[in-house]
Amino acid sequence: MTDLPYAELDLERTARRGYPEAIYCAGKSPEQVAGIAAAVRERPDVITLFTRAGAAHAKAVLNELPDARYDADAALLAWPPQPPPASGGRVVVVAAGTSDLPVAREAMLTARYLGRDTELVVDVGVAGLHRILARLELLRQARVVVVAAGMDGALPSVVAGLVSVPVIALPTSVGYGAAFEGLAALLAMLNACSPGVAVVNIDNGYGAGHLAAQIASPA
């Protein structure tokens, strides 16, 4: 454990349960995030993800860890910047639309930095089913598929009806008024007709990527 006046970092989590702690930046000040970044600098053996990092958070982290990888679309920083060697099965992350891409990228990068081979498929929503059907060969190579979708949230059910592996449904807050900032997609995914669908919280790309990494673990 590493104690700060405002945080107690769990740097031994990897040894205890196989995966490191992530730093959720939303709600933290840039100064607090900078202090955490300075603390983890002493442990380059531990991969640290900074999630939901705004521009000010990213600047604070990069001041302490200049070589950290920053993906502005995913609002995520990773340090050390090089992912570990891939092991286990492949994680395929599917974004129904381009608007779902930030959350999908968060899931993809999380799984990658937790040691999995990852592929990202973009803009294959149910409005044009030929697009997802054209990716069947890739989907069927996966150990687990993450599907990020807003609007009607229908794509995870479609994918789960086409593959033999678990599907993680990732609802996004994309959509017009009656989408209720992702609630409609969440409820649709919870009511998926196809079996083998697990659902994470709205816009929780980190949670989806982490679960996918565990499912695709070599153990």
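The values are calculated or read from the model by the stated rules, or taken from the named source; none is laboratory data. Since the structure is predicted, the reported quantities are computational estimates derived from the model, not experimental observations. FYI the Cβ positions are ideal-geometry reconstructions off the backbone, even for glycines, and counts take in every protein chain you see.
Points to keep in mind about this one:
- Within the stretch 28-66, the set of residues being in a loop (DSSP other than H, G, I, E, B), modelled with pLDDT of 95 or more, surrounded by fewer than 17 Cβ atoms within 10 Å (Cβ to Cβ) and not hydroxyl-bearing (Ser, Thr, Tyr) comprises GLY54, PRO66.
- Within the stretch 1-27, tally of residues that are surrounded by fewer than 15 Cβ atoms within 10 Å (Cβ to Cβ) and part of a strand (DSSP E or B): 5
- Residue check for VAL147: of a type outside the set (D, E, K, R), without any contact (Cβ under 8 Å) to a residue 40 or more places away in the chain and either surrounded by fewer than 22 Cβ atoms within 10 Å (Cβ to Cβ) or in the same structural domain as THR110 (by TED's automatic domain parsing) (or both): no
- Single unsatisfied condition, ASP73 versus (1) over 18 Å from GLY150 (Cα atoms); (2) not in a helix (DSSP H, G or I): (1)
- The set of residues from the stretch 136-154 being within 20 Å of VAL174 (Cβ to Cβ) and of a type outside the set (A, V, I, L, M) comprises GLY150, ASP152, GLY153.
- Residues located in the stretch 1-43, provided they are closer than 14 Å to ALA60 by Cα and basic (Lys, Arg): LYS28, ARG41
- Restricting the stretch 172-188 to residues that are crowded, with 17+ Cβ neighbours inside 10 Å and farther than 13 Å from ASN201 by Cα leaves a set whose member that is farthest from the chain's Cα centre (by Cα) is ALA179.
- Selection status of ALA208, under 21 Å from the mean Cα position of the chain (by Cα), among the small types (Gly, Ala, Ser) and not in a helix (DSSP H, G or I): no
- Every residue from the stretch 180-205 that is within 24 Å of THR110 (Cβ to Cβ), in a helix (DSSP H, G or I) and of a type outside the set (Asp, Glu): GLY182, LEU183, ALA185, LEU186, ALA188, MET189, LEU190, GLY205
- The requirement of being buried (at least 17 other Cβ atoms within 10 Å of the Cβ) and not in a loop (DSSP other than H, G, I, E, B) is not satisfied by VAL124.
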